[in-house]
Amino acid sequence: MSIFVNDEEKIFHLQTKNTSYIMKVAKGKYLAHVYWGDRLNKNPDTDNALLLRNLGFSANTELEDRSYSLDYVCQEYPTGCDTDFRIPAISAEFKDGSRVVSLIYEGYEILKGKPKLKGLPAVYVENENEADTINITLRDNVKNIRVVLSYTAYNEWDAITRSVKVINDSSEEVILNKVISASVDFEDSDYDFLELSGAWGRERHIERTPLRSGVQQIESRRGASSHQLNPFFAIMDKDASETHGRVYGFNLVYSGNFVAGVEVDQIFKSRAYIGINDYDFSWILEPSEEFQAPEAVMVFSNEGLGEMSRIYHKLYRTRLVRGRYRDEARPILANNWEATYFDFDEEKIAGLAKEAASLGIELLVLDDGWFGRRNSDNCSLGDWYVNKDKLPSGIQGLAKRVNEAGIKFGLWFEPEMVSPDSDLYREHPDWCIHVPGRTRTECRAQLTLDLSRSEVCDYIVKAVSHVLDSANIEYVKWDMNRHMTNLGSAGLDCRRQKEMAHRYMLGLYRVLEEIVSSHPHILFESCSGGGGRFDAGMLYYMPQTWTSDDTDAVERLYIQYGTSIVYPVSAMGAHVSAVPNHQSGRVMDLKIRGDVAMSGNFGYELDLMKFTDEEKEIVRSQVSQYKELRKFIQSADMYRLKSPFMGNETAWMFISQDKRDIFAAYFRINAVVNPGITRLKLTGLEKDGLYRIEGDEKTYTGGELMNIGLVIDMWGDYQSKTFRIKRVM
Ligand code: DGJ
């Protein structure tokens, strides 16, 4: 049991293994936020926790109590009206033109386990003893709308999930202009704000800044979670590090437009929030209809950022990702994109497959260019039938040849898009997102299909399934290469145009659910020009994501390190690519390229035919090393040891769940002349345990490895060293 209610005082206390989250109904009506942090085994004095002072220029909800203003009260779901000037979680418009929403506590129910979210991705439970859920109902008594706040507390992991449902119990339509998934008020604001920002080819770089007065906000208005800002942030003690300090993480399980941030108010309290972006959003709720907002996953750690990440990793690895590849080892793949781009034919691909097999690689992926007349990125998206000029035996024949070489076959799709130069577009010109009378703005010579329309979704399910069912395809790369512009849907009434971006996501999730569940044997990898949709929403359907189009190993140190703040390495596609690297021009040894890629779902993306014999030997040994490592890396606890954002070195390590297997990787970007002795201090080991390092006869205690460390000796730029360590006693 993880939820305790004091019915008399109306206190709701959610407990996870190490944390407490406490709410109380104040004044008999307002759902106030009391506390979130280290676990309290007894309810605190809520009068003390909710102490108020008379605040100038803040109006009072209780006419007889001039100290009572919602502008002061820490709240669970603020409306921004009713005396609170801070950022609201919900805003609505009613038939009479009024916009005041006032939410009064009505009741609660507790459920064992965690119900599914209709039409939306969410973390789940495998049995109902893993978590408990409380639904707290608030109501606007004047306009008769009901807001149900759902909280799930996991027993074993320090994670609390939140989602919100708005139900129109009135007899008139209501327009929702904003429905945030989670809003949490803090008594203070003495924190840093950490976000993951970037661009195409430079995803999820860590930025950390102190909170300041006003709103500090991240968002996406691109119709995708985006390369630019990930739907995640943390607020943390100013001195919090990887290993110590309080950290509060917020992550949205959603792949579209989001908004998240923190407002620091006039008395230095802060309000953190995350949800669907209210930019260009509104939703008409007819009588008795409901609107379900996506899920937010909130994690508290008192042991720094590292522990917060490990909680997210474990939860996402085991209770977000689904299907057979949640637990099965992911195959080592070779992808032809950076090897051939559009310039391939059946012989070339079959040749690559043979070569891949001889190197121990287990899967050959045919990327973009196999369909329609697609010899460049100017045409044919939407025409999902094979280009027989390039592949005379079709996908079926090619898959057979790849299988005959002894490996699996995988295929690329970009189903959400249409090229203006395509049969699909010529047949259905109104199936794309557009505004009549305005230019259909293109990006990479393509338009976005309007997935808010069910017939478009049906077409995608049919077209993709047709190909998948026609051959032995065991892996799919699902790409998406532009952001939405000039939003408009020919399928929606003019008053509902602002629903389009969210309806698109609902359509996409429906399509993914149908395709993925009807092809359980296929390993799906999502991609959006690399990591443009690396989010928990996509991971619910596809267990891995192509982390970035930037395959340069040094660049990947930053990207993979930043990505690991929230997402597990089992979600990250990571490939060894050619030198000079196609994105940066940098030249590096196969060693560091392999070592970086091994901290993810390992693969190769270069012309395998160009390897020298010596390189082939290195590749064979990398492949066999990864086959041995992946068993635990893909399910291990990750400890970040040195951050590339702090200097020339990066290091991380993985410890298996039984704590006996360890893999540590150290990377140095630039050569350092006369460096003295460099040591890598490990962490997370048993102090008095005995460990043996592969290639070294001696044994070391955990204490020695953590406090004295491993000696690193290297020479030259772009160096790496890995350590395979086993606990022997
Ligand atoms: C973008 C992806 O990120 C690349 O890996 C590749 O699949 C191209 N699209 C193909 O167009």
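The values are calculated or read from the model by the stated rules, or taken from the named source; none is laboratory data. Keep in mind that this is a model prediction, so the values were computed, not measured. Cβ: placed from backbone, ideal geometry, glycine included. Neighbour counts: every protein chain shown. Accessible surface areas use protein heavy atoms only, side chains included; no ligands, DNA or RNA. Shrake-Rupley method; radii C 1.70, N 1.55, O 1.52, S 1.80 Å.
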### Task
Give a quick list of chymotrypsin sites (Phe, Trp or Tyr not before Pro) in the range 679-715 that DSSP marks as loop, anything other than H, G, I, E or B, with at most 15 other Cβ atoms within 10 Å.
715
#### Entry: Cβ charges +1 (Lys, Arg) and -1 (Asp, Glu), total dipole of the chain, debye
800
### Message
Relative contact order for the range 3-318: what percent, with Cα pairs under 8 Å and sequence separation of 6 or more?
### Response
16
### Task
Could you tell me whether the range 3-318 comes out rounded, prolate or oblate from its Cα gyration tensor? Rule is a ≥ b ≥ c as square roots of the eigenvalues, rounded for a/c under 1.5, then prolate if a/b exceeds b/c, otherwise oblate.
rounded
### Query
Carbon and sulfur atoms: what percent of the 1.4 Å accessible area of the chain do they account for?
48
### Task
Filter the cross-link list 400/627; 118/143; 591/616; 29/269; 388/610; 116/462 down to pairs whose alpha-carbon distance in this structure exceeds 19 Å.
400/627; 118/143; 29/269; 388/610; 116/462
### Query
If you roll a 1.4 Å probe over the heavy atoms of the protein chains, what accessible area per residue do you get for the range 3-318, in Å²?
37
### Query
Extent of the range 236-352 along each principal axis, from alpha carbon coordinates, in Å, largest to smallest?
69, 49, 28
### Message
If I take every Cα pair under 8 Å that is 6 or more residues apart in the range 640-727, average their sequence separation and divide by the length, what percent do I get for the relative contact order?
### Response
34
### Message
Could you check the spin-label model distance between residue 729 and residue 430? Points 7 Å from the Cα along Cα→Cβ, value in nm.
### Response
7.9
### Message
Taking the solvent-accessible surface of protein heavy atoms with a 1.4 Å probe, what is the per residue accessible area of the range 640-727 in Å²?
### Response
52
#### Entry: Theoretical gain in end-to-end length, residue 48 to residue 403 [0.36 nm per residue, Cα-Cα removed]
121.0 nm
### Above-threshold pairs, the threshold being 25 Å between Cα atoms, out of 27/238; 408/721; 687/726
27/238; 408/721
#### Entry: Cross-link partners of residue 681 among aspartates and glutamates (Cα-Cα below 20 Å; sequence separation of 8 or more within a chain)
242, 303, 307, 595, 637, 649, 661, 694, 696, 697, 704, 713
### Query
Under the definition of Cα pairs under 8 Å and six or more residues apart, what whole-number percent is the relative contact order of the chain?
10
### Query
Tell me, what is the Rg over Rh of the range 640-727, with Rh the Kirkwood radius over Cα pairs?
0.97
### Task
Run down the lysines and flag those whose C-alpha is under 18 Å from the C-alpha of residue 42, throwing out any fewer than 8 positions away in its chain.
10, 17, 24
### Query
Say each of residue 681 and residue 659 gets a label point 7 Å from the Cα, pointing the same way as Cα to Cβ; how far apart are those two points in nm?
2.0
### Task
Determine, from the Cβ-Cβ distance of residue 106 and residue 1 and an R0 of 22 Å, the FRET efficiency 1/(1 + (r/R0)^6), rounded to the nearest 0.05.
0.40
#### Entry: Principal axes of the chain: Cα extent on each, largest first, Å
86, 70, 44
## Note on the structure
Once amide hydrogens are built 1.01 Å from N within the peptide plane, the residues lying 5 or more places from residue 233 or on another chain with amide H under 5 Å from its amide H are 250
### Message
Take the chain, mark every one of the trypsin sites (Lys or Arg not before Pro) that falls in a DSSP loop and has at most 12 other Cβ within 10 Å, then report the longest stretch left between them, sites excluded.
### Response
439-686
### Message
Can you give the FRET efficiency to the nearest 0.05 for residue 237 and residue 177, using r as the Cβ-Cβ distance and R₀ = 30 Å?
### Response
0.30
### Query
Under 20 Å from a point 7 Å along the Cα-to-Cβ line of residue 126: which residues of the range 1-25 have their amide N that close?
1-2, 17
### Summary
With 0.36 nm assigned to each residue of separation and the Cα-Cα distance removed, residue 142 to residue 98 gains 14.7 nm
### Query
Of all DSSP beta bridges located in the chain, what percent are antiparallel, nearest 5?
85
### Amide proton proximity set for residue 81, modelled H, under 5 Å, gap of 5+
101
#### Entry: Straight-distance crosslink candidates among lysines, where the alpha carbon sits under 20 Å from residue 498 and sequence neighbours closer than 8 are dropped
95, 165, 178
### Summary
Rounded to the nearest 0.05, FRET efficiency between residue 18 and residue 671 (Cβ-Cβ, R0 30 Å) equals 0.10
#### Entry: Charge dipole of the chain about the Cα centre (unit charges at C-beta), most positive-ward option of 425, 478, 363
363
